Amino acid sequence: MRRLLLALAVCAAPAAAQRISPTLPSATRPVQPAAVHLDTSTTSYTIDGIRVIHRAGAANLVVMNLYLLGGVRNATPETAGLEPMYLAVSEQGTERYPKDALRRAMARTGSGIALDATDDWTLFGIRTTTEELDSVWNIFTDRLMRPRLEPSEIDFVRNQMLSALRQLNENPDALLSRVADSVAFREHPYALSPAGSESSLRAMTRESLLQWKQQWLVKSRLLLVVVGNVPRATLERMITGSLGRLPAGQYAWTMPDTLPMRPSSLTVVPRALPTNYVAGIFRGPRANERDAAALRVASAVLSGQLFSEIRSKSNLTYTAAADFRDAALISGKLFVTTTLPDSALKIMRDQIRLLQEVNIPTHALSPLIQQFLTEYFLDNETSTAQADFLARAQLYNGDWQAANRFMAELRAVTGEDVRRVARRYLRNIQWIYIGDPARITRRLAESF
């Protein structure tokens, strides 16, 4: 018990080194209104079939995130990567804006258009000012709705995406993450990469991109989050003349299936490297379930313990952590790079068992939870982060106002909650190892 309390005292330091991007646990516990930071500047409404969450602001900077919902759950092994390819190719020219004209127009505005494909959605967004919003919106919607999709430009983007995949496979950290997802999420949509695979990207044609547009570019799949000083009347005018003309569609957002319980396993990727890379994936709840906040805290406690025991005390590695993965279906990752993987795994096993057996006094969690809250405020300083946070609240909990309950939910986590979720989720770990096969013992990895 004393060792665990000491670990709690130091775990805020490594936790601070990790970027904490809060997901939104559901309001399953009573919360104190005084602890909820309400805002009166955010509203939600529907314009011509498009769901809009709008947070007003005084600055002239505008962030508009359009979320194409579903992510890899809409894909198959043959179509993974199709959505980001369509949007990437759209940068090479549209019906109204040929390639060079599009780039000149964007350069004149000093604005940017963001693209980020994830497990749960593809983000296609605007970063601009109120003065340039109309011009950028016209380009943005033309890219989405009327790209030229020239075969030569498709080949150009395809080669870029294939090159990026090859670079990932040459990077041990990136390769570890890709293999970990394919193993831990086998038979689940999250096993697919949002960026696609070499085989899926090579098979894509202009016809398959047009088929994607016809099937998936519908209003029911879209959520628009706006952060900035934009009057509602302006949004109504802009949306009615563009996105509002899309087919309605019948898409309905749902939370993903959970993972089945599987025995612990070890997947080895032999590589001759200066060090060995080890990752262990553990299953978690959906982001709207009661356990989400407690598992976030438990992961941070464990991360501090691993940092203290593996790096600081044993000097086995430069980095050791227990990461919390934000998604509609939560998971966690134990991670270490070391020349002595068996020694690191034994410490990990001991620290997990300690967390499962000891009931931490709830008051001892306060410094760590305060660290989370600090990160929460830091993460929400930018308009981009605010937009993403509001979207997660809406999608995970069915209500953007769930964002206001995050702090109360986190403060409600008790020591018994931490022990309970450690017992429930920190087991049946799926291990992935990149390095010298002779340096790791399979039986040890399978004992978790």
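The values are calculated or read from the model by the stated rules, or taken from the named source; none is laboratory data. Here the structure is a predicted model, which means the values were calculated and not measured. Cβ: placed from backbone, ideal geometry, glycine included. Neighbour counts: every protein chain shown.
Observations
- Lone qualifier among Ala191, Ala195 - being out of contact with any Gly (no Cβ under 8 Å at 6 or more places or on another chain) and at pLDDT 95 or above: Ala191
- Contacts under 7 angstrom Cβ, first residue in the range 40-54 being closer than 16 Å to Ala252 by Cα, partner crowded, with 18+ Cβ neighbours inside 10 Å and not hydrophobic (A, V, I, L, M, F, W, C), 6 or more apart: Gly49/Lys219; Ile50/Lys219
- Residue satisfying all of: in the range 69-81; surrounded by fewer than 22 Cβ atoms within 10 Å (Cβ to Cβ) and not small (Gly, Ala, Ser); nearest to Val136 (Cα to Cα) among these: Leu69
- The range 141-158, subset in contact with a helix residue (DSSP H, G or I) (Cβ under 6 Å, 6 or more places away or on another chain) and of a type in the set (Lys, Arg), residue surrounded by the fewest Cβ atoms within 10 Å (Cβ to Cβ): Arg158
- The numbered conditions (1) touching a Lys or Arg at 6+ places or on another chain (Cβ under 8 Å); (2) more than 15 Å from Ile330 (Cβ to Cβ) are all true for Tyr425 except (2).
- Residue in the range 370-389 that is over 30 Å from Leu115 (Cβ atoms), in contact (Cβ under 8 Å) with a residue 40 or more places away in the chain and surrounded by 16 or more Cβ atoms within 10 Å (Cβ to Cβ) present: yes
- Candidate set: the range 414-445, residues that are hydroxyl-bearing (Ser, Thr, Tyr) and not in a strand (DSSP E or B); chosen: the one farthest from Val336 (Cα to Cα): Thr414
- With respect to the conditions (1) surrounded by 18 or more Cβ atoms within 10 Å (Cβ to Cβ); (2) among the hydroxyl-bearing types (Ser, Thr, Tyr); (3) free of Cβ contacts under 8 Å to residues at least 40 places away in the same chain, Ser163 falls short on a single one, namely (1).
- Taking the conditions (1) touching a residue at least 12 places away in the same chain (Cβ under 8 Å); (2) more than 30 Å from Asn276 (Cα to Cα) in turn, Asp181 satisfies each one other than (2).
- Every residue from the range 170-209 that is of a type in the set (Ser, Thr, Tyr), surrounded by 14 or more Cβ atoms within 10 Å (Cβ to Cβ) and over 13 Å from Met85 (Cβ atoms): Ser177, Ser182, Tyr190
- Residue match in the range 60-77 (condition: aliphatic (A, V, I, L, M) and without any contact (Cβ under 8 Å) to a residue 60 or more places away in the chain): no
- Here the helices (runs of 4 or more DSSP H) wholly within the range 338-405 that include at least 1 residues being out of contact with any Pro (no Cβ under 7 Å at 6 or more places or on another chain) and farther than 30 Å from His54 by Cα are 341-357, 366-379.
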